[in-house]
Each structure stands twice: as structure tokens, then as C-alpha cells.
Amino acid sequence: MSYSSIVVAISDAFECEHLQDAGIETPDNDVIAAEIIGAQHRMPDYLRAPMFILTWLFDISGIALTGRRFQYLDQVQKIRCINAWRDSRISACRNLVRFYESLFLLIALQEDIH
Amino acid sequence: MIVSDPVALERVEVAIIGSGPGGSVVAATLANAGKSVLLIEEGANLPQDSCQPFSFQEMKQKYRAGGIAAAVGRPNVAYAEASCVGGGSEVNSGLYHRTPDDVLEEWVHEFSVEDLSPASLEPHFAACETVMQPATYSAALPAASRLLREGAEARGMESSDVPRLVVFDDTLDPQGVARSARRSMTESFIPEFLAADGKLLPKTRVHKLRKQGRNWQIQARWQNRNVQIEAENVFICAGAIHSPALLQRSGIRLNAGRSLSMQPMIKLTAEFAEPVNYPGMGIAGEQVRDLNSDCSLGCAISSRAHLAINLVGVDAGPAYAIKQQSHLVSYYVMARGCTDGSVRALPGFDDPLVSYRLSGRELDNLGSGLKVLTGVLVAAGASRVYTGLHRQPVVENPGQAEQLPDRLAPGTDSIMTIHLMASCPMGEARNRTAVDSWGKVHGHTGLYLADVSTLCSSPGINPQGTIMALARRNSEHFLRV
């Protein structure tokens, strides 16, 4: 029920969608989610509150699509929810998915070249 | 010296707020002239190698708001600003240009800027270049550059290896190209400033300025404590967003933040049969100028993570980007922006509200620039170009490139910028400028601006060279009067 469990669920969905067959090691999704939440706290304050509210709305929107909140869905249903927001006519919905997807990939795929 | 306790500071002759290319050049110039100078920076003082360039760690350490911010509009435009000692020079690709002559002419004509011409700026560019030593590749070009050049030449366009503010070393990368590291402010003007007895105060956020008698009182926050610093003169060099916001919070509103320009960008990814990329490859300096669309076309960061993000929307795109990283390179289209934005300090909020309305001209230019760049890359032998547009048309031949839209849709989500500017333009045209021709805030003694906010409009190029030359010009004027 916590906010972080929504972000972990979003990270799980992106891992399943993008990295399952990539054959690389990535940080644990709890770690990625903590980094994403940290990034949200650093955002400008006029964007921060809408971001938190939209994330809660995204979680609840799962009920309309599948009868359950996003964080309790299986991976296939989670990706269905994400796709619905990704293709939404409302730019705020598309931007929310873009935000999480970009940050997830940026954190998960960091390279240590040293 | 690095100041460890600002409470102990006595009054200084000059306080400079912000240590990016503008603030650092002013600081070094004035300290070298014997002034007692305090350079205040909100971010931390970090070495170049504190993190991997262009990584999430770098965003956390060296960017304001963790590198995640957006100008509100349709569409919202993502932007990023640095927040560390050295400012933008610590995180950018270091492309170096002098201001084009026609841009200077436009500023003189439209904003009545005094004594501004290629000839009057020449000694300032030359002095900054002596310190920064912009350089091009001496021998082999990176594959990403070479291919962009070949494609441009095949289409009858000119392409050039733009000088960069980097230091080349003796080692070669896997493509046989000399490796390089940024020559940023912390590697150039900041050490010069410190050697001239300048004082640097990092991790200190200035909230407000107040005139007290002949001096300015700087109200700031340092290590969870409020501190006040007195200065006879203040130079605000906090960038296009935070310079006007600080003026507004200080009750100075004349044309501060009423205009804002940016250089909007969009990225695409090209796939080649030959290997063109490797882990740790930086950004190459090649740039093509497309005169029809008023756009620059160039090479963007092509790390595994950035390529994966670019290929979201393609079936199994991120996994493909990981597998094919060595064959993929990211490029950008950067348009010369209009001046349709604003910055507003909001009561009760720390961060100002930034809004920007992309004009039809910008959408036209980005659309036609994207089309031209796609054609250039196909001509260079790209087997596929992933355009990054909604529903990701993938282009595989010149005919498909020609079918791309001439104008980007207003709802395009992937537009971003790293160049924000012109929020407090300079000049004598009082109805549209915030500072005079030399950066002095209209109607306020001892208060100056010397950063990207004082440009009159977008110059259509990477602005660091312009910022440094103007900062030096204005510092010398300050010393003369």
C-alpha cells in the first residue's frame, strides 16, 4: 500500500518488458525504485506534487482496466496498464510513463567503464 | 581559498553568485585585478572524476533538481541545468563557438546594445581561448563524426569538427581516436581565481538580495543555517532560470524573466553495419549546419542506457539497444529557439515556474531538421534510423526519409533542451531589457548580471564561448568605470 511499492511494481513491469531477455545483470528493483523516489524528491517543487499524485492515480487506474490496483497485477496486466497510459491522449499520462521508463533504464543500465 | 565558515566573512568588494562559465570568468578577471572577490555556488565543489560523465550519478551530483525539470507548455520541454562549482562546463560536451556576426548585429539592432561587434569582442574571445584552448581532433575522427560528415557531404552540405573545450591525452580509444577529458571551469578559471586570492563558498544557496546603504546584503542558506554576507557589488551569474528568479525574489522585476529562449532538441538513433560505438565513448564534436531549417545537427551521447531510452517504443527496443550497442549511435537536431517563455518566482515555492510555448517556426525547424538528419544518416550508410517520434517510424531508405513530416506535432513528447537563455536581455532598449549593455541591472547601483540570461536571443550555437567573452568584456568595463 505504500508509495514505494507502486514504484517497485512499475520497475518490475519495465524489467519484464525491456530487460528480461537482455541477458545482463541489473540492480535489484528495490534499489532502482529507491533511486527513482530520491530523484522525485529532488525535482522542482511545482512538478513534485503533481508527480506523486499522478503516480497514485496510475496505481488506482488499474482498477478501471483490470479490477485491481496496478501494484497487485501480474506482469502481463501491468504492461497492459502501462501501454494504456503510454498511448493516452493526455500528455501528463504519457509523460508519467516516459519519466519512469527513462529513469528505470538510466539507473538499470549504468555502465561502469572505469 | 575555499571558505569553510561564511559567518566569519567580512564585507567583500564583489560577490558573485553562481560559478558557471559567466561567474568563473568574472571571478578570475576581478580577482586578477586585485579586487576582494567571493564566489558563491549553490552546488558542491567536486573533482572532474567524481562520477562517470553523462551518467545517473552525474545527474545526482552535478545537476540542479537531479537533472529532471520541465518547462510547462504544449508540449512540456524537459530541461537540465548544472548545480556544482563550474556550472554547465562540468557536465556539457564542451562544444566551442564564437558568436556568429549576424547574431551580434541582430542584438545591436533590436536591443540597442552598445559597443558590441566581432571586432570589439575579439580580444575577449582570444583571452578566453588562451585559457580554455579549444581543440579539434588532430588525426582520426570518431566513427560517429566521420559518418555524419560523409552523409552530409553526400548531400552537398558542409560539416565541421567543432572545437571542444577538452584536453586530449596520448592514449587512443578502441577506434584509434585520441581520448579526451573536459577542460571545465574547475580545470581553468576557478584555479586561476583561487590563485589570485579569490574566496570560493560552495553549497550555499542565495535566497534574496537587499540594498542596505551603499552595500548589498546577500541572504543565503549554508549548512541549514541562514547567513548574511555584505558586498559593495554583486554579480548574479546563476543561469537563465535562477538569475531572473533571484531578481524577482529581491523585488527587482523590470523585464526579469519576462522572456526566455531555449534551443529545443530532438534525438534520433542510427544503426550501421560496421561497429561505431563502444562503452565509454563520449560525444564527438562534428556538427552540420542546416541553413534551411536554422538547425544544427550533431552527435549525442550514445551510452547503453541512453540508446535504450531512445529505442523505447520500438518492439523490444531497449533489449535490442543493449545487444547492438556497438552498431548504434545517437544524433541530435538542435533548433535556434524563439523567445516565447517566461520564468516566475512563485510565493511559497523554492523553484521558479518555467513556461515555454514552442512556436510553429520551432516545430517546423525541428521537423525539417529531423528529416534532413535522417537523410544524411541514410546517405552515410545507416541501415536503419529510429526517429524517436511517436509510434517510432523506422527509416531504412531515402524514400522513407522524404516521407517524414515537415513539422513536428505540437504534442511531441520527446523535445528537450540543455540551452536556456535570454531571460534578462542586455541593451539600452529599456522596454525589453533587464540590464544595460554592460550587464548592470537597470536602476540599481552595484548590481550586475553576467551569464547566459543576458544574451538577447538564442544564438543558434552552443553558447559557452559567447557567455565567457561577454563576461570578460563586462568585467573589464566594470573595472574601468
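Here are the numbers for the structure shown:
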item	result
At most 15 other Cβ within 10 Å, DSSP loop - GluC sites (Glu not before Pro), the stretch B:361-406	B:Glu396
Global size of the stretch B:212-296 as Cα Rg and Dmax, reported in angstrom	22.2, 69
Distance between modelled label sites at B:Ala195 and B:Arg214, nm, 7 Å Cα→Cβ extension	3.3
Neighbourhood charge, 11 Å Cβ-Cβ cut-off, centred on B:Phe125 and excluding it, Lys, Arg +1 and Asp, Glu -1	+1
Shielding by partners - mean other protein chain Cβ count within 10 Å, residues of B:279-287	1
Per-residue average of Cβ from other chains inside 10 Å of B:310-319	4
Loop-located trypsin sites (Lys or Arg not before Pro) in the stretch A:33-100 whose Cβ has at most 13 other Cβ within 10 Å (DSSP)	A:Arg68, A:Arg89
Average beta carbon contacts from partner chains per residue of A:41-53, 10 Å cutoff	5
Between the stretch B:419-481 and the stretch B:230-253, the Cα center-to-center distance that results, in Å	13
Euclidean distance of C-alpha centroids, the stretch B:120-166 and the stretch B:14-34, integer Å	27
12 Å beta-carbon shell around B:Asn224, net charge (K/R +1, D/E -1)	+4
Local electrostatic count, A:Asn95, Cβ distance below 12 Å [Lys/Arg +1, Asp/Glu -1]	+2
For the stretch B:77-184: Kirkwood Rh in Å [reciprocal of mean 1/r, alpha carbons]	16.7
Where N is the number of residues in the stretch B:327-425, Cα Rg divided by 2.2 N^0.38 Å	1.32
Kirkwood hydrodynamic radius (C-alpha pairs) into Stokes-Einstein, chain B, 20 °C and 1.002 mPa s, D in µm²/s	94
Within chain B, longest stretch free of exposed trypsin sites (Lys or Arg not before Pro) [DSSP loop, at most 11 other beta carbons within 10 Å]	B:1-213
Rg and Dmax of the protein assembly as shown, Cα atoms only, in Å	23.7, 73
Value of Rg to Rh for the stretch A:3-108 (Rh from inverse mean 1/r over Cα pairs, i.e. Kirkwood)	0.94
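No value in this document is a laboratory result; all are computed from the given coordinates. The structure displayed is predicted, hence computed values, not measured ones. Reconstructed Cβ throughout: ideal geometry from the backbone, glycine too, with neighbour counts over all protein chains shown.
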